[in-house]
Amino acid sequence: DRVMERFPEASFLRDHQASTYCGFPALDNEGRVVAVTCLLDDKPHDFSTEELDLLRIFGQRIAGEIERSRHTAEQKRAAEELRRSHAFIRQIIDADPNFIFVKDRNGRFTLVNKAVADAYGTTVDFIIGKTDTDFNPNPDEVEFFSLKDSEVMDSLQERFIPEEVITDSTGRTRWLQTVKRPILDEIGRAIMV
């Protein structure tokens, strides 16, 4: 009570002609005060148990909303950072004239650079989810790729292929030196090459 006398510098109390004040901290998940919920009265007031319980409930709700807003803002920042990081990596791999690609165990491309897409006469976006069979007319080459990809994933060993033939979209034969490496999941299984 007599809060304006006790806190004469508090303009909020003066502006509301507060005589009595009751406040509860709103705590985040780490126990930090993120807000204060309060009841003011312009006359002396004994706050009831119901009023105090109501303040606690409001405080918890306010803290929850503040925490949710912070979490949402952090998620947006993280998503934007991830987008920028992907764009940066995409620029790097697309600038490389060497073929860079990743395939899953079914031979589907999960990542390719522009050099691969250009050789197959398509775009990076279009090739994702497809296999060599969708672009390479030579079944022997496709079978060779598949065999080597499986060997690398099954053995968990990198493989250097000194001469590998690929027929591009124009029918031109290209000779490549290829290094294939297994890509492991969190428990050490090869899920891609």
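For the reader, a short list of remarks on this structure follows.
- The number of residues in region 132-171 being within 26 Å of Gln91 (Cβ to Cβ) and hydroxyl-bearing (Ser, Thr, Tyr) comes to 1.
- Among the criteria (1) closer than 18 Å to Thr110 by Cβ; (2) among the basic types (Lys, Arg); (3) free of Cβ contacts under 8 Å to residues at least 24 places away in the same chain, the one Lys148 does not fulfil is (3).
- Beta carbons closer than 7 Å, at least 6 apart along the sequence or on distinct chains, pair a first residue in region 38-66 that is small (Gly, Ala, Ser) with a second that is in a loop (DSSP other than H, G, I, E, B) and open to solvent by less than 80 Å² (accessible area, probe 1.4 Å) for Ala63/Asp28.
- Within region 144-177, considering residues that are in contact with a helix residue (DSSP H, G or I) (Cβ under 8 Å, 6 or more places away or on another chain) and in a strand (DSSP E or B), the one surrounded by the fewest Cβ atoms within 10 Å (Cβ to Cβ): Arg174
- Of the residues making up region 89-135, those that are touching a residue at least 12 places away in the same chain (Cβ under 8 Å), buried (at least 19 other Cβ atoms within 10 Å of the Cβ) and assigned to a helix (DSSP H, G or I) number 4.
- Selection from region 1-46 of residues that are among the hydrophobic types (A, V, I, L, M, F, W, C) and under 39 Å from the mean Cα position of the chain (by Cα): Phe24, Ala26, Leu27, Val33, Val34, Ala35, Val36, Cys38
- Lone qualifier among Val102, Val33 - being among the β-branched types (Val, Ile, Thr) and over 30 Å from Glu158 (Cβ atoms): Val33
- Enumeration of residues in region 9-49 that are part of a helix (DSSP H, G or I) and either closer than 20 Å to Ala63 by Cβ or open to solvent by 60 Å² or more (accessible area, probe 1.4 Å) (or both): Phe12, Arg14, Asp15, Thr49
The values are calculated or read from the model by the stated rules, or taken from the named source; none is laboratory data. Please read all numbers here as calculations on a predicted model, not as lab measurements. With ideal geometry, Cβ positions are generated from the backbone for all residues, glycine too; neighbour counts draw on all protein chains shown. These area figures cover heavy atoms from the full protein model, side chains too; ligands, DNA and RNA do not enter into them. Shrake-Rupley method; radii C 1.70, N 1.55, O 1.52, S 1.80 Å.
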